[in-house]
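Here is the structure we will look at, set down as structure tokens.
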Amino acid sequence: MSLRPRQFDLIAFDWDGTLFDSTAIITRCIQLAVQDVGGAVPSDKDASYVIGMALGQALAHAAPDVHPDKYPELGARYRFHYMARQNDLALFQGVLEMLNDLKQRQHWVTVATGKSRRGLDDALQDVSLKGMFDGSRTADETAGKPHPRMLHELMREFGTEPERTLMIGDTTHDLQMALNAGCPSLGVSYGAHEPEAFHTLKPLHVAHSVRELHDWLLANA
């Protein structure tokens, strides 16, 4: 640890809407899934609000009029629509350069996401991401956001303290999870949630682009 003279040793990134340009497609897949099972189709705002939650929790919130008996079908229809569009998804421009710089500075770079383990592992098969992340936690193997279990487990794995752990995300769920874990956070405004909702959760900064996020981390992390 003496070789890590910086403010944060462990940096945990949310995935969708923070590193991965997927907010619009996830929103549309939620709407199509709800439509398929006969529910009232949520607005773009309501569908995007649940991004970052565990899938079952997210779909139940987005489709309050759908009976719980239909939740398995609702989840299956979401996965169907998402799989049909997943080749249209990509990392935000500049993400790889930012992650490489953080690795060069010997930060532990991790992921804390509402995706499933299978979904994250599929995304990480991209050759450009091989070996990029030191660790990860998903909602289905821990607990959905804003429960702090993902961050608690990552901190235990790497032996870091909350004040030395930074959570970065695009939703209030991410920032609330950080607050619940006692960790500082950064928000990004280019994902699922409007940044006006972030301020009560006290992020250190709200970045409006990957370039701004990259610059802030180089100067402050």
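Label S189 and D134 with points 7 Å out from Cα along Cα→Cβ: what is the distance between them in nm?
For the pair S189/D134, the computed spacing is 3.1 nm.
Obtain the nm distance between the two label points defined at Q7 and N220 by a simple spin-label model: each point lies 7 Å from its Cα along the Cα-to-C-beta direction.
0.5
Report, in whole Å, the centroid distance computed from the Cα atoms of region 148-210 and region 60-80.
28
Hey, what angle do you get for helix 95-104 against the long axis of the chain, alpha-carbon based, 0 to 90 degrees rounded to 10?
30
Would you be so kind as to identify which of T142, P195, I168 lies farthest towards the positive end of the dipole of region 135-196, taking Lys and Arg as +1 and Asp and Glu as -1 on Cβ and the Cα centre as origin?
Most positive-ward Cα: T142.
Using per-residue counts of other Cβ atoms within 10 Å, averaged over each peptide, order 78-88, 166-176 from highest down. Intermediate values should be presented prior to the final figure.
Numbers: 78-88: 14.7, 166-176: 27.7.
Order by mean packing, descending: 166-176, 78-88.
For Rg and Dmax of the Cα atoms in Å, pick the label among (i) 18.4, 61; (ii) 17.0, 49; (iii) 16.9, 58 that corresponds to the value derived from the coordinates.
Here Rg and Dmax of the Cα atoms in Å agrees with entry (iii).
Return the distance in nm (one decimal) between the two label points of a simple spin-label model at S209 and L89, each offset 7 Å from Cα along Cα→Cβ.
Here the answer is 2.5 nm between the modelled labels.
Suppose the chain between Q104 and D65 were pulled fully straight at 0.36 nm per residue; how much longer would it get relative to their current alpha carbon spacing? Before the final figure, lay out the partial values.
Numbers: separation 39, 0.36 × 39 = 14.04 nm, distance 4.90 nm.
Length difference between fully extended and current span is 9.1 nm.
What is the dipole size for the chain, taken about its Cα centre, with +1 at each Lys and Arg Cβ and -1 at each Asp and Glu Cβ, in debye to the nearest 20? If you can, show how the numbers build up before the last one.
Values: 21 positive and 29 negative charges, 75 e Å.
Magnitude of the dipole: close to 360 debye.
Go from 0 up to the bin containing the longest alpha carbon distance in region 23-88, width 10 Å each, and give me the % of pairs per bin.
P(r) for region 23-88, in whole percents per bin: 25, 62, 13, 0.
Each value in this text was obtained by applying a stated rule to the coordinates, not by laboratory testing. Remember, predicted model here, so these are calculated numbers, not experimental data. Reconstructed Cβ throughout: ideal geometry from the backbone, glycine too, with neighbour counts over all protein chains shown.
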